[in-house]
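All of the numbers you see were taken from the coordinates with simple rules; none came from a lab. Since this is a predicted model, take the numbers as computed values, not measurements. When we count neighbours, we look across all protein chains shown, and the Cβ atoms used for this are built from the backbone with ideal geometry, even at glycine.
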Amino acid sequence: MSENHRIIEALKRDIVFEADLKNRNLVFHATWGLFSPTGVDTGSRILIEEMEIRPTDSVLDVGCGYGALGIAAATLAPKGTIHLVDKDFVAVAYAEKNATLNKLSNVKVYLSNFLSTVPQKQKFDVILSNPPAQAGREALSIFLHDAKKHLAPHGRIYLVTVAGLKEFVKRNFKEMFGNYEKIRQSKTHVVACAKNE
């Protein structure tokens with residue numbers, strides 16, 4: 001076996017890491033091609049630190065990747081149901097694997113382009129997302145419009161974005177939900193929240 005072949009075979013193996021999220025030690029498997037495959041990214045970590053999840057909450061993680069946000073939420077809502085959705089079938093496969101590895105039975109993972117395949121009548125107490133910066137404002141506008149329809153009364157949406165999208169999110173939250181709260185800002189990211197009042 002050539003050295004190059006050995007390197008490729010090693011690259012194909014799952015990347016495995018542990019992360020301490022909300023005082024819980026979680027294990028994650030990922031692969032090259034998924035977002036932040038070697039560890040939970042800064043934006044997701046900040047959002048996880050700031051999100052408030054109650055034990056019975058129904059939660060939706062949009063663009064879940066390998067599942068960091070949704071799996072952290074599932075540990076906080078053992079009597080709730082957590083939906084993880086992503087448009088990438090590889091992400092969905094890894095999110096399912098990670099939910100199983102962390103022994104979480106309150107998680108549903110499925111393919112969805114934003115909220116396109118989320119059951120119409122399903123309402124959530126919390127919607128979480130760390131949308132890719134390159135998703136585009138049009139896609140984010142569609143997402144926020146659909147998120148409003150799926151938020152339960154007094155439900156909350158948490159979004160972490162690169163700092164450059166701060167004003168866009170603020171304007172859209174105020175238009176869509178009538179309110180906006182900046183929860184936390186770092187040099188690179190902003191966590192914002194809106195309530196479905």
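Brief remarks follow.
- Residues with amide H under 5 Å from that of Leu21, placed H, sequence gap 5 or more: Leu26
- Mean separation of Cα pairs under 8 Å and 6 or more residues apart, divided by the residue count, gives the chain a relative contact order of 17 percent.
- Descending by average beta-carbon neighbour count within 10 Å, the peptides 179-188, 107-116 line up as 107-116, 179-188, the highest first.
- More than 29 Å apart - percent of Cα-Cα pairs taken over the chain: 20 percent
- For peptides 66-74, 158-166, sequence by mean Cβ density within 10 Å, most packed first: 66-74, 158-166
- The length gained on full extension between Ala135 and Gln120, counted as 0.36 nm times the residue separation minus their Cα-Cα distance, comes to 3.1 nm.
- Sorted fewest first by neighbouring Cβ atoms within 10 angstrom, Phe89, Phe35 come out as Phe89, Phe35.
- Listed pairs Lys149/Lys174; Lys149/Lys170; Lys149/Lys182; Lys87/Lys121; Lys123/Lys187; Lys97/Lys187 exceeding 26 Å between Cα atoms: Lys123/Lys187; Lys97/Lys187
- Computed FRET value (nearest 0.05) for Lys148 with Val90, which takes r as the C-beta separation and R₀ as 35 Å: 0.75
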